[in-house]
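All remarks here apply to the structure that follows.
Read the figures in this text as sums done on the coordinates, not as results from a lab. Being a predicted model, the structure only gives us computed values, none of them experimental. FYI the Cβ positions are ideal-geometry reconstructions off the backbone, even for glycines, and counts take in every protein chain you see.
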Amino acid sequence: MATVIFIKESKQPPSAMRGCINYCVQEKKTVDSNGRQYVGGVNCLGKYAYEEFMATKNLYGKASDIYFYQYVQSFMQGEIQSYDEAHRIGMEFAEQFFPGYEVLVATHPDAYDDSGVQRVHNHFIVNSVSFEDGRKIHFTPNTLQELRKISDSICAEHGFSVLSPSERTYGKAIGTREYRTTMKGNGRKFQLINDIDTAMTQAGDKREFCDTLASAGYTVTWTDTRKYIAFTCPNGMKVRDNKLHDNKYRKDILEYELSIRQQLTEQHPASSPMERLKRHPRLRSGR
């Protein structure tokens, strides 16, 4: 299973593009213990992406406005057996979704979350101008959903688990500073997301969900009178459900899913949460 997020760059001078490319290809993030570097490109040479991107922009007189887009494909721990496999998936992903555009693909095996779990992930820096005809690429609010569908399809071909698309429609962008903080191991918000996913594989109702998170050190404030669910992390940080980058964590979505699970519990009282989910495939959302 992999998830795809959009890294928003509010400032787009050429120096910002150069900085992001340099960040993605640095050796300490892309070279494994055997000295192999996982940097490649679709329609470009990867390491020389900045020079090639600028050459394309200058050729068509479009070195202005939006220079690039950045996406990250992050894999669930335990599913990636080799960095080479992760990199191949990233290359397939870039080839399928960005035809006619130059894309830098860099695989980072260096990131670990707060629990010490390795988070292998791919970075994609996409030139905003097509090398074929000079057209600027345009993304819509549905682009992230489409990217995730392609990512899921490729992951399924490689034998990985995939997320249900039913609640993947309105994923939000994450700022560069927050993403890099997360990748340095300070991302309690992303640890919370992982723990919510775990709780949703075990919970049959709201009480079980809250109890599961409580056992992991969280306090969950979930009442009928509040618009949002408030999570207090073990380190005291407070996060609302609408700040978790994907609408599937919103109060109304969780309430709907748990209400369905409660009905299934009443129909099959002796079964486990996972057995109940198997009887209702729509609820298998990867949580």
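Please say if the range 49-99 is rounded, prolate or oblate, where rounded means a/c under 1.5 for a ≥ b ≥ c the square roots of the C-alpha gyration tensor eigenvalues, and otherwise the choice is prolate for a/b larger than b/c and oblate otherwise? Prolate is the answer for the range 49-99, as a/c is 1.5 or above and a/b outweighs b/c.
The Cα center of the range 50-86 and the Cα center of the range 200-243 differ in position by 35 Å.
Note on Cys210, Cys20: ascending count of other Cβ atoms within 10 Å places them as Cys210, Cys20, the fewest first.
Computed from backbone phi, the HN-Hα couplings of the range 194-205 come to 4, 6, 5, 4, 5, 4, 6, 7, 10, 8, x, 7 Hz, rounded to whole numbers (Karplus: 6.51 cos²θ - 1.76 cosθ + 1.60, θ = phi - 60°; Gly and Pro given as x). Each of Val4, Val25 has some number of other Cβ atoms within 10 Å of its Cβ, and from fewest to most they run Val25, Val4. Note on the range 1-160: Lys pairs 8 or more places apart or on different chains, Cα atoms under 20 Å apart, count 9.
Highest mean packing comes first when the peptides 89-101, 216-228 are listed by Cβ atoms within 10 Å, giving 89-101, 216-228.
The mean of 1/r over all distinct Cα pairs in the range 1-157, once inverted, gives the Kirkwood hydrodynamic radius of 15.8 Å. Spin-label pair Glu157-Arg36: with each label point 7 Å from Cα along the Cα-Cβ axis, the two points sit 2.0 nm from one another. Under the definition of Cα pairs under 8 Å and six or more residues apart, what whole-number percent is the relative contact order of the range 1-70? The value is 45 percent.
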